[in-house]
Amino acid sequence: MLQITKRTIHCGRKAATVASTSRLVSNRAQQKEKEEGSIASVFASLSGDKPVELPQRFSDLKKDIFKEHLVESWRDVLTKLKPEVEEVSAVGSAAIPRLSYHQIKTGVDEDSLRRLKKVGSVVVEGGVSEEEALGWKQSIRDYAAANRDKVKGFPADDVQVFEFYHSVAQTQARCHPALRDTQEFLLDLLHASDPQSEISLGSIMSYYDRLRIRKPGDSQFALGPHIDGGSLERWEDPGYRACWKHILNGDYTQHDPFDVSPRLDAQFDLYGAAGGCSVYRPFQGWTSMSRVGPHEGTLRVLPIDLKLATAYIILRPFFAPKRGPQHLDFDDWMLDLESTHFPGSSQGRTQELNAVTHPHLQLDKTMVSAPDLSPGDQVYWHSDVVHAVEAEHRGKSDSSVLYIPAIPLTVNNAHYLQDQRDRMNQGLPPRDFPGGDGESRFVGRMNPEDVEAGPSRQLLGLEPFPIPPGASPGAKRTVKKANEILFD
Ligand SMILES: [Fe+2]
């Protein structure tokens, strides 16, 4: 299988110190060029890796973080998970909030907003016409055909997740007004508890990602339940760990997944993971290019209370089952600070979850599929939401999406955008993705000159960002710094 890129800093504690002092500067210096690869490099399960015993320092880390009152928190979380699990099991896909693009343009009602903020995922229907979305797919197929001998992706012998970043269709989708409006709406759900935080939630920027055209019958591209944004880093990096301050202090109800201030100090990738996302990405998302429903190779999410699910996941490494993970009562579990186990976590890989690592989530019942979607519909999920891709595509036609997240401007993100823009001009893969010559020798690549002036050029880093109305002092400073990074 593919080798992951070797990290340049090996000791986690040392890495955390280095990371915390340098993270607000660009982290470009820490990152080596990624090796060639595909999406398989990111997941231990796709790569066929066996779980590796972690070094002793991970037991020390648990002892450092643990406080006595977390035992009661654990009891409380287990109690509250039961009714949540039952509710989601009963309603299935309906647990995922659905909005129309029209609502986003005219105002979303309080109840829908409350549900969206509770579970952290949403489907947005309409906005992009079916004709337009299907046109994008055809354009990508034409691009693949025109460059047949150079196309890379997963699986290598019959590519369905394409290593494409610079096609005309992807650019058109990223710049589409309906996607921009939806992403502005999502970023507006976030807030910075510290007005000096250097983030501009009113400025969306583009983060180039891949696309998928999944064929019926495929069962190779099965991504089990996981959370993006590293795994061990959640506990190991002091900045990332600060995001769970209230959970680790014993009051998970105070945890605010929509406060961005602590996120800016988080280092999501201490191990130079291939495919690790190095920008702050509050919402991952995709836009559909096909009609797709449950059992047709679509997205699955865990739509239970995000605060509660996160509290469970953060507390989980401190406890172990006494007689097997299938026994879920509080009394069936014991404190575990001696082992180095961080279930579902491994160095340089994403956080994975299953019935053994996280049994109380009862993922077999609670991971629900996105509902029936039409071409042009969008799906987004908060960075802490557990998600997966259905193991088997049992539909009759392709299941196709463009991965397009909602990303705000930060100083670090602006450094990435500047680098991404420069690579775009050469047709090279963005820095977070497997390296190689990418699309540099492709014909029919997007031409930056074709992107119209205004918001589209801004989000691609081709034109300075304006200061958004009502910007906080930190936001104003961020936009100013971003424009200096991009254009000075
Ligand atoms: Fe993911």
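How much length is gained on full extension from residue 339 to residue 364, taking 0.36 nm per residue of separation minus their Cα-Cα distance?
Numbers: separation 25, 0.36 × 25 = 9.00 nm, distance 2.70 nm.
Roughly 6.3 nm would be gained on extension.
Counting other C-beta atoms within 10 Å, which of 191, 102, 341, 393 has the fewest, and how do the rest follow?
Ranking 191, 102, 341, 393 by Cβ neighbours within 10 Å, fewest first, gives 102, 191, 341, 393.
Can you put 328, 78 in order, fewest other beta carbons within 10 Å first?
Least to most surrounded, the residues fall as 328, 78.
For region 337-443, what does the alpha-carbon gyration tensor say about shape, rounded, prolate or oblate, given a ≥ b ≥ c as the root eigenvalues, a/c under 1.5 as rounded, and a/b over b/c as prolate? Numbers along the way, then the final one.
Values: a/c = 2.08, a/b = 1.33, b/c = 1.56.
Oblate is the answer for region 337-443, as a/c is 1.5 or above yet b/c matches or exceeds a/b.
At q = 0.08 Å⁻¹, what log₁₀ I(q)/I(0) does a Debye calculation on the Cα points of region 12-487 give, no solvent, two decimals?
Taken in order of the listed q values, log10 I(q)/I(0) reads -0.45.
Computed FRET efficiency, Cβ-Cβ of residue 158 and residue 67, R0 56 Å: what is it to the nearest 0.05? Write out the running numbers ahead of the final one.
Numbers: r = 51 Å, r/R0 = 0.91.
The value I calculate is 0.65.
Report, by chain and number, residues whose modeled amide H sits under 5 Å from the one on residue 376, excluding near sequence neighbours (fewer than 5 apart, same chain).
Sorted by chain and number, the residues that satisfy this are 288, 289, 290.
Measure nothing but the geometry: give the 0 to 90° angle between the long axis through the Cα atoms of 411-426 and the longest principal axis through the Cα atoms of the chain, rounded to 10°.
Helix 411-426 and the main axis of the chain meet at about 40 degrees.
In nm, to one decimal, how far is the modelled label at residue 422 from the one at residue 130, with both set 7 Å along Cα→Cβ?
The two pseudo-label positions are separated by 4.5 nm.
Using the structure shown, list the pairs from 117/480; 245/476; 118/396; 82/245; 245/365 with a Cα-Cα distance above 32 Å, or answer none. All intermediate terms of the calculation are to be shown ahead of the outcome.
Values: 117/480 30 Å; 245/476 27 Å; 118/396 34 Å; 82/245 24 Å; 245/365 30 Å.
Going by Cα-Cα distance, 118/396 fall outside the 32 Å limit.
By how many nm would the segment from residue 453 to residue 487 lengthen if fully extended, with 0.36 nm per residue of separation less the alpha-carbon distance? Don't jump to the answer; show the numbers that get you there.
Details: separation 34, 0.36 × 34 = 12.24 nm, distance 1.57 nm.
In short, 10.7 nm is gained.
Can you sort 140, 467 so the residue with the fewest Cβ neighbours within 10 Å comes first? Show your work: numbers first, answer last.
On the way: 140 21, 467 16.
Final ranking by Cβ density, sparse to dense: 467, 140.
Give the distance, in whole Å, between the Cα centre of region 280-357 and the Cα centre of region 403-464.
Rounded to whole Å, the Cα centres lie 32 Å apart.
DSSP loop (so not H, G, I, E, B), at most 15 other Cβ within 10 Å: list which trypsin sites (Lys or Arg not before Pro) in region 428-469 pass both filters.
441
Since every read-out is calculated from the coordinates, none of them should be taken as a lab result. None of these values were measured; they are calculated from a predicted model. All Cβ positions, glycine included, derive from the backbone under ideal geometry; neighbour counts span all protein chains shown.
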